[in-house]
1. How about the range 65-113: which of its residues are at pLDDT 90 or above and basic (Lys, Arg)?
2. For the range 152-182, name all the residues that are small (Gly, Ala, Ser) and not in a helix (DSSP H, G or I).
3. Identify all residues within the range 31-70 that are assigned to a strand (DSSP E or B) and surrounded by 12 or more Cβ atoms within 10 Å (Cβ to Cβ); write none if there are none.
4. Given the residues THR62, THR56, THR48, which is the only one that is at pLDDT 85 or above and in contact with a Ser or Thr (Cβ under 6 Å, 6 or more places away or on another chain)?
5. Let me confirm something: among ILE267, ILE286, ILE256, which residue is aliphatic (A, V, I, L, M) and open to solvent by 40 Å² or more (accessible area, probe 1.4 Å)?
6. Which of the following residues is part of a helix (DSSP H, G or I), crowded, with 24+ Cβ neighbours inside 10 Å and either of a type in the set (A, V, I, L, M, F, W, C) or modelled with pLDDT under 85 (or both): ALA230, ALA249, ALA243, ALA237?
7. Looking at the range 71-89, I want the residues that are over 21 Å from TRP261 (Cβ atoms) and have a partner that is outside any helix (DSSP H, G or I) and open to solvent by 40 Å² or more (accessible area, probe 1.4 Å) with Cβ atoms under 6 Å, at least 6 apart or on another chain. Which pairs are those?
8. Can you pull out the residues in the range 145-171 that are in contact with a strand residue (DSSP E or B) (Cβ under 6 Å, 6 or more places away or on another chain) and of a type in the set (A, V, I, L, M, F, W, C)?
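The values are calculated or read from the model by the stated rules, or taken from the named source; none is laboratory data. These numbers come from a predicted model, not from an experiment. In this analysis, Cβ positions are derived from the backbone assuming ideal geometry, glycine residues included, and neighbour counts consider all displayed protein chains. The accessibility values were calculated without ligands, DNA or RNA, using every heavy atom of the protein model including side chains. Shrake-Rupley method; radii C 1.70, N 1.55, O 1.52, S 1.80 Å.
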Amino acid sequence: MKNLGTLFGYEMKKLWKRPMTWIAVLIFSAGMVYYAPIPFYHYDDTFTVVLADGQTISRQVTVEEQDRVSIEAPRLLSGQVMDEEFFQRAQDIRSKLASTELDTNLTGAYAYFQLVDPTYLGAYQLLGLKDNYLHRLDRFRENVESSWENHLTEEEISYWERMEEQIQQPFIYEPTDAPNRLFDVLGTMGIFIPVLVALCVCDLFSQEHRARTYPQIFASRQGRKYLFLAKLLAGGATSMLAAAIAVGAVIGSSLIRYGTWGWGAAIQLCRYMLSCSFPITAWQGILILTGMILVYALLCGALISVVSLWSGSGVAALAVGAALVGGQMLLVRMMSALDAFLTLPVVTAALYYLPMGLVNAAALNVRPLKYFFGLPLNPIQAGMLVYLTVSAALAAVCWLGWRRRAVSGV
């Protein structure tokens, strides 16, 4: 084991001393950090509001002022109970406006929040979802009756209903703009992880082929076993470490810009997560998504290692990483054209485990369960199990390639 530890450290040093590894990690992380700020799409505009007493207020509001209101106004309600009174106070904003006032980007209630009082902006934005927060379990059962029972079994419905019953209610309001953006960015990161991993570990085995060092390596039967294991562990560790650095950079930049606002909110307050039935908070959802990214990075590292070993080419390994990214993006664009093909049971089962469906926040929403040896697993559990199993299988394929090299000596 001492030899294994020494060889593992040596292989890690070789991978992280390569300029390509650091350049790839730094550029990838910088790109994700650049993408991470919350986009508001505001412009310098003149807002106009007519109050109930006939008074008209009109003023040009700069982009900076609009951005500040969008970020800071929802924080004014942080910690308030989301009960009937909470939503009624937001609804009462309408009574302060002239009856002819209509909500647009520049008039009505949104102009009121910019020009008069921004306090209830956060609550007002959720008015359309009022029943989903006040009567959540009833809405869940209505969804079951209207559509979910068509693609969920009774056991799956019971599972998700038990999850729903554990969600703490009434909800406590927290602004979730920052966690929302993190879910978006981490989901996008998941698409491009194969390229990052390929740039970091493409030479894991191919460098031995280029340097023609296999004869020396295979001279010792005991040494070659330890070296293979050390290389495999170093490749997996490097893949996950590179992904962890990128994730850490994005989360760190979010915390610096926006602090921890919204991290403790129920995940159901996050955009697109309303149908999530897990009784978890936003930060727990981010932690789960981070775990999925790291496991996916491990899987990509195993696949890249197989190509690097069997082909003896770092370029081929890089091409596979690029193909994984391009293939997913192409599939997304072609889904409408392939609709009939994608409904086939075998294809549907395969799509369930694709990274574009599992390595993003959508995996936390209600979906069919998967069964392994009779044990029901939710999408996150099933995805991690399958990815780890496939990674182990790819490691076995690597071992076969290693033994083949040992026999041929090249």
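1. ARG68, ARG75, ARG89 - these are the residues of the range 65-113 that are at pLDDT 90 or above and basic (Lys, Arg).
2. Across the range 152-182, there are no qualifying residues.
3. Scanning the range 31-70 gives ASP45, PHE47, THR48, VAL49, VAL50, LEU51, ILE57, SER58, ARG59, VAL61.
4. THR48 is the lone residue from the list that is at pLDDT 85 or above and in contact with a Ser or Thr (Cβ under 6 Å, 6 or more places away or on another chain).
5. Among ILE267, ILE286, ILE256, only ILE256 is aliphatic (A, V, I, L, M) and open to solvent by 40 Å² or more (accessible area, probe 1.4 Å).
6. ALA243 is the lone residue from the list that is part of a helix (DSSP H, G or I), crowded, with 24+ Cβ neighbours inside 10 Å and either of a type in the set (A, V, I, L, M, F, W, C) or modelled with pLDDT under 85 (or both).
7. ASP83/PRO170
8. PHE171
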